Amino acid sequence: MSTNKMWGGRFEGGPAKIMEEFTPSIGFDQRLAREDIQGSRAHAKMLATQGIISREDLNAIMKGLETIEAEIKAGSFEFKRSLEDIHLNIESRLSELAGPAAGRLHTARSRNDQVATDFRLWVRAACTRADAGLTELQQALFKQAEANLTTIMPGFTHMQSAQPITFAHHCLAYVEMFGRDRLRFADAAKRLNECPLGAAALAGTPYPIDREYTAIQLGFARPMRNSLDAVSSRDFALEYLAAAAIAATHLSKLAAELVQWCSPGFGFVKLSDAFTTGSSIMPQKRNPDAAELIRGKSGRVIGDFVALAAVVKGLVLAYGTDLQEDKERVFDASDALEPSLKVMAGMFADLTVNPVRMRTLANAGYPTATDLADWLVQTLNKPFREAHHITGSIVKRAEDLGVDLDKLPLEEMQKIEPGITADVMKVLSVEASVAARMSYGGTAPDRVREQLFFWREKLK
């Protein structure tokens with residue numbers, strides 16, 4: 001077997017056949033090609049600026065990198081498994097194009113700081129893409145909220161009818177959640193925005209490099225302060241995965257609700273043909289496959305976070321090949337999250353709301369019982385616990401008679417609490433209940449208008 005020409009001086013023999021299959025990462029890290037070329041350009045410019053390589057070498061390197069970039073874009077670049085990873089694949093091709101000048105590019109850097117830089121650039125861009133997807137989804141939810149300010153639906157706790165709310169209020173709850181997800185990605189992007197390049201293998205380099213220069217060239221805020229930390233830390237990847245896992249969890253919650261809402265038992269919404277499928281055997285079916293897939297993919301994203309956490313938890317400083325496992329987990333999470341965001345935004349943008357069905361079910365399960373208890377407290381000055389007990393007895397009586405609370409005869413209520421007057425009927429409709437929830441953040445339309453105004457400005 002032949003030795004690898006990139007480090008062959010130390011080795012007399014080549015790797016075992018199984019190692020040639022086991023160790024290469026080019027199958028997945030070729031996705032870092034753009035970032036690797038970007039980092040090499042910045043490094044080459046810095047080396048020339050510092051007088052470490054000549055201008056002639058710089059020109060040859062830059063011309064070769066331009067050719068490689070064009071080849072990759074055109075799909076004509078040959079990724080060779082024998083060269084292990086994206087860095088050696090690009091370096092090998094650069095040697096063919098630029099000759100001896102290519103060998104000077106790796107001066108004052110290692111694959112350790114090179115891959116750490118490439119990966120930070122990729123994850124930073126992934127945070128930006130996640131933010132764009134979340135924003136699009138927020139906008140779709142906002143438009144449904146704006147169109148359904150007074151659309152009443154049941155609010156649930158324990159999946160039991162609890163109190164009436166508006167569909168606008170429900171949609172805006174998810175706008176808030178996805179807003180926090182955006183902040184998490186923004187925070188992750190800000191924290192990872194330090195440049196590892198120049199840390200070399202682990203201890204820095206004796207060459208007179210300018211790490212501030214390369215950091216600025218690559219859009220980083222600053223160089224990383226510690227060379228050991230620079231090459232070994234993957235908390236930026238974990239932080240991206242944590243943000244992705246939380247966002248995927250929120251998507252899964254919303255997807256689960258969509259699956260319920262479009263079922264015949266609920267009938268709250270109808271998904272368009274674009275986001276549903278049929279059955280191979282049952283002609284009547286409209287399956288919410290897109291929502292179900294989003295719900296399922298959340299498990300993958302959560303698993304990616306757990307997998308990488310398990311990889312890095314026992315590693316000592318500095319670099320170990322274990323870290324080759326980081327990229328597939330991040331790529332997989334990104335591949336699951338980003339289309340899920342787009343599909344969910346698409347589903348919400350064109351779903352049809354059924355206000356009549358929502359209003360009908362909003363009245364089921366005595367949802368204004370709390371309003372009755374509040375009336376007893378405010379009008380008859382009852383302690384809330386006593387009002388709660390009285391209301392429970394009245395609800396039981398309505399249940400025995402098979403009527404809604406606002407249809408229960410006044411005299412039946414007075415048999416339980418003589419102080420109740422006809423005035424109580426004003427609070428027992430679901431419309432009255434919704435309108436009464438005027439506390440900050442409540443479901444009353446006037447309060448929801450405030451939320452809509454806030455988010456209209458934020459989402460511009």
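Criterion first (surrounded by 21 or more Cβ atoms within 10 Å (Cβ to Cβ) and within 23 Å of T214 (Cα to Cα)) does A48 satisfy it? No, not satisfied.
Considering (1) over 23 Å from G346 (Cα atoms); (2) surrounded by fewer than 18 Cβ atoms within 10 Å (Cβ to Cβ); (3) of a type outside the set (D, E, K, R), the lone condition that I152 does not fulfil carries the number (2). For region 403-438, a tally of residues being in contact with a Leu (Cβ under 9 Å, 6 or more places away or on another chain), part of a loop (DSSP other than H, G, I, E, B), open to solvent by 30 Å² or more (accessible area, probe 1.4 Å) and among the aliphatic types (A, V, I, L, M) returns 0.
The residue that is nearest to the chain's Cα centre (by Cα), among those in region 69-111 that are under 24 Å from L228 (Cα atoms) and among the aliphatic types (A, V, I, L, M), is I86.
Scanning region 1-46 for residues that are among the hydroxyl-bearing types (S, T, Y) and modelled with pLDDT under 95 turns up S2, T3, T23, S25. If I ask for residues that are surrounded by fewer than 19 Cβ atoms within 10 Å (Cβ to Cβ), without any contact (Cβ under 8 Å) to a residue 40 or more places away in the chain and either within 38 Å of the chain's Cα centre (by Cα) or part of a helix (DSSP H, G or I) (or both), which ones from region 366-382 would you list? Answer for region 366-382, where residues must be surrounded by fewer than 19 Cβ atoms within 10 Å (Cβ to Cβ), without any contact (Cβ under 8 Å) to a residue 40 or more places away in the chain and either within 38 Å of the chain's Cα centre (by Cα) or part of a helix (DSSP H, G or I) (or both): V377, Q378. Would you pick out the residues in region 43-76 that are touching a residue at least 60 places away in the same chain (Cβ under 8 Å), in a helix (DSSP H, G or I) and either among the polar types (S, T, N, Q) or under 17 Å from L32 (Cβ atoms) (or both)? H43, T49, listed by residue number. Here's a check for you: in region 57-88, which residue that is surrounded by 22 or more Cβ atoms within 10 Å (Cβ to Cβ) and modelled with pLDDT under 95 is nearest to S40 (Cα to Cα)? Within region 57-88, the match that is nearest to S40 (Cα to Cα) is H87.
Quick check on S393: is it out of contact with any Phe, Trp or Tyr (no Cβ under 9 Å at 6 or more places or on another chain), at negative phi, open to solvent by less than 40 Å² (accessible area, probe 1.4 Å) and in a helix (DSSP H, G or I)? Against the criterion (out of contact with any Phe, Trp or Tyr (no Cβ under 9 Å at 6 or more places or on another chain), at negative phi, open to solvent by less than 40 Å² (accessible area, probe 1.4 Å) and in a helix (DSSP H, G or I)), S393 does not qualify. Looking across region 438-460, the residues that are touching a residue at least 60 places away in the same chain (Cβ under 8 Å) and over 13 Å from L149 (Cα atoms) come down to W455, R456, K458, L459.
For region 440-455, a residue qualifies if it is of a type outside the set (D, E, K, R), out of contact with any strand residue (DSSP E or B) (no Cβ under 8 Å at 6 or more places or on another chain) and open to solvent by less than 80 Å² (accessible area, probe 1.4 Å), and the qualifying residues are G441, G442, A444, Q451, L452, W455.
Taken as a whole, the structure leaves A215 outside the set of residues that are small (G, A, S), touching a Ser or Thr at 6+ places or on another chain (Cβ under 9 Å) and assigned to a helix (DSSP H, G or I).
Selection of region 142-201 for residues being within 14 Å of the chain's Cα centre (by Cα) and among the aliphatic types (A, V, I, L, M) yields V175, M177, L183, A186, A188, A189.
In this structure, R120 does satisfy being more than 20 Å from G27 (Cβ to Cβ), surrounded by 23 or more Cβ atoms within 10 Å (Cβ to Cβ) and under 32 Å from the mean Cα position of the chain (by Cα).
Please verify whether region 225-242 includes one or more residues that are over 25 Å from the mean Cα position of the chain (by Cα), open to solvent by 40 Å² or more (accessible area, probe 1.4 Å) and among the charged types (D, E, K, R). Yes, because at least one residue in region 225-242 is over 25 Å from the mean Cα position of the chain (by Cα), open to solvent by 40 Å² or more (accessible area, probe 1.4 Å) and among the charged types (D, E, K, R). So for region 335-346 (the condition being among the charged types (D, E, K, R), more than 30 Å from S110 (Cβ to Cβ) and within 32 Å of the chain's Cα centre (by Cα)), does at least one residue qualify? Within region 335-346 (the criterion being among the charged types (D, E, K, R), more than 30 Å from S110 (Cβ to Cβ) and within 32 Å of the chain's Cα centre (by Cα)), the answer is yes, since at least one residue qualifies.
Per-residue answers, yes or no, for (1) among the aliphatic types (A, V, I, L, M); (2) touching a residue at least 24 places away in the same chain (Cβ under 8 Å); (3) assigned to a helix (DSSP H, G or I):
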site	(1), (2), (3)
A101	yes, yes, yes
T107	no, yes, no
D113	no, yes, yes
R124	no, yes, yes
R129	no, yes, yes
L141	yes, yes, yes
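Within region 155-189, the set of residues being outside any helix (DSSP H, G or I) and either in contact with a Leu (Cβ under 9 Å, 6 or more places away or on another chain) or surrounded by 17 or more Cβ atoms within 10 Å (Cβ to Cβ) (or both) comprises G155, S161, Q163, P164, I165, T166. Filtering region 190-222 to residues that are open to solvent by less than 20 Å² (accessible area, probe 1.4 Å) and of a type outside the set (V, I, T) leaves L192, C195, P196, L197, G198, A199, A200, A215, L218, F220.
The residues of region 258-288 that are at pLDDT 90 or above, surrounded by fewer than 17 Cβ atoms within 10 Å (Cβ to Cβ) and in a helix (DSSP H, G or I) amount to a single one, Q260. For region 309-328, taking the residues that are open to solvent by 60 Å² or more (accessible area, probe 1.4 Å), touching a residue at least 24 places away in the same chain (Cβ under 8 Å) and in a helix (DSSP H, G or I), the one that is farthest from L271 (Cα to Cα) is identified as T321.
So, in region 329-365, exactly how many residues are at pLDDT below 90 and either of a type in the set (S, T, N, Q) or outside any loop (DSSP other than H, G, I, E, B) (or both)?
2
The values are calculated or read from the model by the stated rules, or taken from the named source; none is laboratory data. The structure displayed is predicted, hence computed values, not measured ones. In this analysis, Cβ positions are derived from the backbone assuming ideal geometry, glycine residues included, and neighbour counts consider all displayed protein chains. The accessibility values were calculated without ligands, DNA or RNA, using every heavy atom of the protein model including side chains. Shrake-Rupley method; radii C 1.70, N 1.55, O 1.52, S 1.80 Å.
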